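The values are calculated or read from the model by the stated rules, or taken from the named source; none is laboratory data. Being a predicted model, the structure only gives us computed values, none of them experimental. Virtual Cβ from ideal backbone geometry, glycine too; neighbours counted across all protein chains shown. Areas reflect the complete protein model, heavy atoms only, side chains present, ligands, DNA and RNA absent. Shrake-Rupley method; radii C 1.70, N 1.55, O 1.52, S 1.80 Å.
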Amino acid sequence: MQTVWLSGAEWLAVLRIGLGLWWLESWRHKDKKGWFERGTGIAWAADVANKHRWAFVGSGFRQVVAPRPRAMAYLVVYAELALGLGLVSGFLTPVALVGGLLLNLLYLVLMIHDWAEQGQNAMMALISLVALLAMSWQTWSLDAAIGLFL
């Protein structure tokens, strides 16, 4: 494969690291005090789920998330941080890519009516899939340095 400036494997690493930075930005800009102390993030998601055009989204939210809003707030916020750190450093990269793909698909379903969110989540899911299938952890990663996922 011929590329400009970097090798194909290095461009995949750039894509993986860029996705990690995107997750870190998602974590950084969240109002953590609002999410953890006032429950704003989960309350917003509950409102979206309850008005969702697909009934299974609202019922699934009420069964899984609503009974444990504080735990779910921590799970969402710190999952985004863990995904970002894992992808930028290349540590447990396949795990982070699968986790990010699943989280983006969940966000995609929840926000089916919001085209701005759809674009971001669709692109992040696509990058996760490409980075996963192309094994982007082979270059510039802790996984490669310590011999994980060869």
Probe radius 1.4 Å, ligands and nucleic acids ignored: give me the carbon and sulfur share of the accessible area of the chain as a rounded percent.
70
Within a Cβ distance under 13 Å of SER141, other residues only, what is the Lys/Arg minus Asp/Glu net charge?
-1
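Could you work out how much longer the chain between THR40 and GLN118 gets when fully extended? Use 0.36 nm per residue separation minus the Cα distance between them, nm to one decimal.
So the chain would gain 26.0 nm between THR40 and GLN118.
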Helix 69-89 sits at what angle to the longest principal axis of the chain, using alpha carbons and giving 0 to 90 degrees rounded to 10?
10
In nanometres, what is the gap between the two model label sites at ARG70 and PHE149, each 7 Å from Cα along Cα-to-Cβ?
3.4
Phi-based couplings in Hz for segment 47-52 (Karplus 6.51, -1.76, 1.60; Gly and Pro marked x):
4, 5, 5, 5, 9, 5
Per residue accessible area of the chain, 1.4 Å probe, in Å²:
58
Radius ratio Rg over Rh of segment 1-136, counting only Cα atoms, Kirkwood formula for Rh:
1.03
Rounded tilt (10° steps) of 93-110 against the dominant C-alpha axis of the chain:
30
DSSP-loop trypsin sites (Lys or Arg not before Pro) across segment 5-95, with at most 12 other Cβ within 10 angstrom:
LYS51, ARG53
Could I have the simple spin-label model distance between ASN50 and GLU25, label points 7 Å from Cα toward Cβ, reported in nm to one decimal?
3.3
Karplus-derived HN-Hα couplings along segment 140-150 (A = 6.51, B = -1.76, C = 1.60, θ = phi - 60°), whole Hz, x at Gly and Pro:
6, 9, 5, 4, 5, 5, 9, x, 7, 6, 5
Could you give the angle, 0 to 90 degrees to the nearest 10, between helix 55-64's Cα long axis and the longest principal axis of the Cα atoms of the chain?
90
